[in-house]
Amino acid sequence: RGSRPGRDWSAIGWLTRSSLVSFVREPVGFVMQFLYPAFILVIFNAVFPGKVFEDMTYATYLLPAMVTTGILTTCLQNLAVCVAGERETGFLKRLAVLPGPATAHVLGKILSNLVLASTNVVLLLCLGHFAFDIDLPSGAGSWGLLLLTIVLMTATSTALGMAIGRVRPSARAASALVTPIVLVVQFTSGIFFPLAQLPEWMVDTFSILPVR
């Protein structure tokens, strides 16, 4: 019989591990979440090998954008579908009657997503540095700012993903809603192209998006 969360905060650890195991057991989703940002980085660099600015190659511009994409797809898109699936199968109802803090499910998702997002970031930084000779952050301050950004974006994306997942009746319905949202955010927030290359009305209209 599998382990169950206890009556204290160990429930958070159990739910974190459960989320990670469920993610790994979905091979298609597992591969896509980690390979998609790296694939885009490689393909776009091959299509646009030059400089996007006078002192910046397109690969250098695209690397932090793909870090953002990795967090969005893992913590927002994948999580929304996952939570909707848990709701559809009755997992959330079963979880509600188990002993443990009410916030355990949310904190477990945040921690598991932080592990996945951090792993994705490390892989992308290694790819960018060794394959495209992109300079990594230098100094403790730069690394600290990067870590803080990852934590904050993971937390906010996880909150949005859980909110969408809890209001959609099924995993398919959640996917139908969140996929266009992620695509719109990517194309209107300067992830694929610099904001200077986008129409002014688009820049102004979508300036409230959190990934700016």
Whole-Å distance linking the alpha carbon centroid of segment 108-145 with that of segment 168-212 is 22
With Cα atoms, 0 to 90° folded angle of helix 171-188 axis to the chain main axis: 20
Taking Cα atoms, the helix 27-47 axis meets the longest principal axis of the chain at an angle in degrees (rounded to 10) of 10
Roughly what angle does helix 58-71 make with the longest principal axis of the chain, taking Cα atoms, 0 to 90 degrees, to the nearest 10? 10
Magnitude of the charge dipole, the chain, Cβ model with Lys/Arg +1 and Asp/Glu -1, debye to 20: 1260
Given that just one value was derived from the coordinates, which of (i) 55.8, 194; (ii) 18.5, 61; (iii) 72.7, 204 is Rg and Dmax of the Cα atoms in Å? (ii)
Most exposed first, judged by fewest Cβ atoms within 10 angstrom, Arg94, Arg168, Arg87 run Arg94, Arg87, Arg168
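Determine the calculated [θ] at 222 nm for the chain from helices alone, applying -39500 (n - 2.57) to every DSSP H run no shorter than 4 residues and normalising by the residue count; nearest 500 deg cm²/dmol.
-23500 deg cm²/dmol
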Fewest-first ranking of Glu54, Glu88, Glu200, using other Cβ atoms within 10 Å as the exposure measure: Glu54, Glu200, Glu88
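Any read-out appearing in this document is the output of simple, stated calculations on the displayed coordinates, not a laboratory observation. Just so you know, these numbers come straight off a predicted model, no measurement behind them. All Cβ positions, even for glycine, are placed from backbone atoms using ideal geometry, and neighbour counts span all protein chains on display.
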